[in-house]
Amino acid sequence: MSVVLRAMADAGSGGSSSMIDRVCAAAVELLSLSGAGLSLMVDGQLRGTAGVCEEGIAVVQELQLTLGEGPCVDAWRSMEPVLEADLADPARGRWPAFAHAGVQAGVRAVFAFPLQLGAVGLGVLALYRDRPAPLGDEELALGLVLAEVATQTILGLQAGAPAEQLHVLLADEPAHWAEIHQATGMVSAQLAVSLDEAFVRLRSHAFANDRALREVAGDIVARRLRLAAPA
Amino acid sequence: MTREERIVATFVELADTMVEPFDVIEFLHRLVERSMELMDCAEVGLLLANAAGSLQVMASSSERSEALELLQSRNEEGPCFECYRGSRLVFGEDLAAEADRWPTFAAAAVQNGIKSVHAIPMRVHGRTIGALNLFRAEPGRLAERDVPLGQGMADIAAVALIQERAMRETRGVVQQLQGALNSRVLIEQAKGVLAERGQVSVDAAFVSMRRYARAHNNQLSDVARDVIDGRLGAAALAELSPGAASRARP
């Protein structure tokens, strides 16, 4: 615990980074990672990204949203850490689409820790490495502590948020995050389908055309693209 | 079972019930029941201060003790009330002789066959949150060996109540967090739905939703839900603020 707190303090000494960013930065520092990210989830769906450390990780986090599979989704569902030491190992086919795209984005190992409070899952702390390497026992223990610190940090922040609103430090998505949901709404109205169905269509279009979800969403919101009505 | 074994079994049993889902009323009733069995007393009652600082009966071994507790909280008079207010042990060794000290309580107690009372404060971190009261059918002090046990029961009740409060508060924050996370997504989705139905930009759709919410004193997330469910159409929103769409364009 003290190791984690010291690393968080060090991470904060450089500038005015938020507590959430510091948890990610401490994870990167302590566990020799290439990046870390905190996702907030409700009912198994990614509802927001609270903190991301290191460039490129946002893309990998979003990939899981696009594909609807990956370690974060599994960690949230199982409420247990999901540890993948080598995404490129063909012997392990847990998430074929995510593994392929992740490796292309420079991720070789991923470790996802659920942020949980009793039976409720708040989200996932995902740790990434750019080389295949398992977490050692001590590193695994540190990962669990970091997830606990992240959970308490999120709750502490949200406890001080105005009613009905998300604490500003927890609303840390890039601009295209909103566009993905706006595009979902537009597709749902265009095709007269439910929002869930609209999101699935958006996602399949991105996947089938090998494009990032945010690009497809941007095109739809700008009305440069209209998905075909179901046959 | 020896007395010691029964005491240990009771504390284990009480600790066992302090896990989620934690039923605080059931816990306090059990605590009152066990206090009756373990200590030399006729009735047991437990009073807890509410947010406003007035005492409420949380658990009682019988109608008789409940009535005596209610009387004290209503009149703000009696050993339990004094115990809570002063945050200290209060004895009423012979209630028949205490008419001056507690006029209403002492009379009612004696009438109900209660001759003495022992009130123990429930404290956590220096704060008094209520009182555990042992009523006896005979005059005199509580048996020497029951005094620390009574305090132990009061302490475990206090700890359980504080823990339950913390759990409840955390659950509230979790719910609020999830509600806020869902609302944000809902609002963005509604912007898209409305932009498409009204053939306006998403920014313009947002402006009309916000205007509608303000005019009707609604939460933005409720308006968003109505838009998505089709209860609120583009026409209704545009009617309220003609030209809102064009003004919203940069």
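Observations
- Free-standing Cys, the protein assembly as shown [no other Cys Cβ under 4.7 Å]: A:CYS72, B:CYS41, B:CYS80, B:CYS83
- Taking Cβ atoms as reference points and 13 Å as the exclusive limit, the residues near A:LEU166 contribute a net charge of -2, counting Lys and Arg as +1 and Asp and Glu as -1.
- Computed over region A:79-231, Cα set: Rg, Dmax in Å: 18.8, 54
- Likely footprinting exposure, B:LYS191, B:LYS115, fewest C-beta neighbours within 10 Å first: B:LYS115, B:LYS191
- Relative contact order for chain A: 18 percent, from Cα pairs under 8 Å spaced at least 6 residues apart, divided by residue count.
- What the phi angles of region A:146-156 give under the Karplus curve with 6.51, -1.76 and 1.60, with θ = phi - 60°, is a coupling list of 4, 5, 5, 4, 4, 4, 5, 5, 4, 5, x Hz, glycine and proline written as x.
- Equivalent-ellipsoid semi-axes for the protein assembly as shown (Cα gyration tensor, √(5λ), whole Å, largest first): 58, 30, 18.
- Environment charge at A:VAL145 (Cβ cut-off 15 Å; Lys +1, Arg +1, Asp -1, Glu -1): -3
- Among B:ALA213, B:ALA15, B:ALA99, the largest mean-square fluctuation in a Gaussian network model of chain B (Cα springs under 10 Å) belongs to B:ALA213.
- Each eigenvalue of the Cα gyration tensor of region A:176-221, multiplied by 5 and square-rooted, gives one semi-axis; in descending order these are 15, 12, 8 Å.
- Contour excess over end-to-end distance, with Cα ends at B:VAL147 and B:GLU164 and 0.36 nm allotted per residue: 3.5 nm
- Couplings for region A:186-203, taken from phi via the Karplus curve 6.51 cos²θ - 1.76 cosθ + 1.60 with θ = phi - 60°, read 5, 5, 4, 6, 5, 9, 6, 10, 5, 5, 4, 4, 4, 5, 4, 5, 4, 5 Hz in order; Gly and Pro are left as x.
- Placing +1 on the Cβ of every Lys and Arg and -1 on the Cβ of every Asp and Glu, with no other charges, gives the protein assembly as shown a dipole of roughly 1760 debye about its Cα centre.
- 5 angstrom amide H check on A:ARG47, placed H, neighbours 5+ away: A:LEU40, A:MET41, A:VAL42
- Considering only A:THR184, B:LEU134, A:ALA133, and ranking their Cα positions along the charge dipole of the protein assembly as shown that arises from unit charges at the beta-carbon of Lys, Arg, Asp and Glu, the one farthest toward the positive end is A:THR184.
- Ratio Rg/Rh [Cα only; Rh per Kirkwood] for region A:2-167: 0.95
- The eigenvalues of the Cα gyration tensor, multiplied by 5 and square-rooted, give chain B an equivalent ellipsoid with semi-axes of 60, 20, 13 Å from largest to smallest.
- Around A:ALA88: net Lys/Arg minus Asp/Glu count, Cβ-Cβ under 14 Å: +1
- In order along region B:202-218, the Karplus-derived 3J(HN,Hα) couplings, from 6.51 cos²θ - 1.76 cosθ + 1.60 at θ = phi - 60°, round to 5, 5, 5, 4, 5, 4, 6, 5, 5, 5, 4, 4, 5, 4, 9, 6, 9 Hz, and Gly and Pro are given as x.
Where a number appears in this text, it was derived from the coordinates with a stated rule and is not lab data. The model shown is predicted, which means the values in this text are computed figures rather than measured ones. Heads up, the Cβs are rebuilt from the backbone with ideal geometry, glycines too, and the neighbour counts pull from every protein chain shown.
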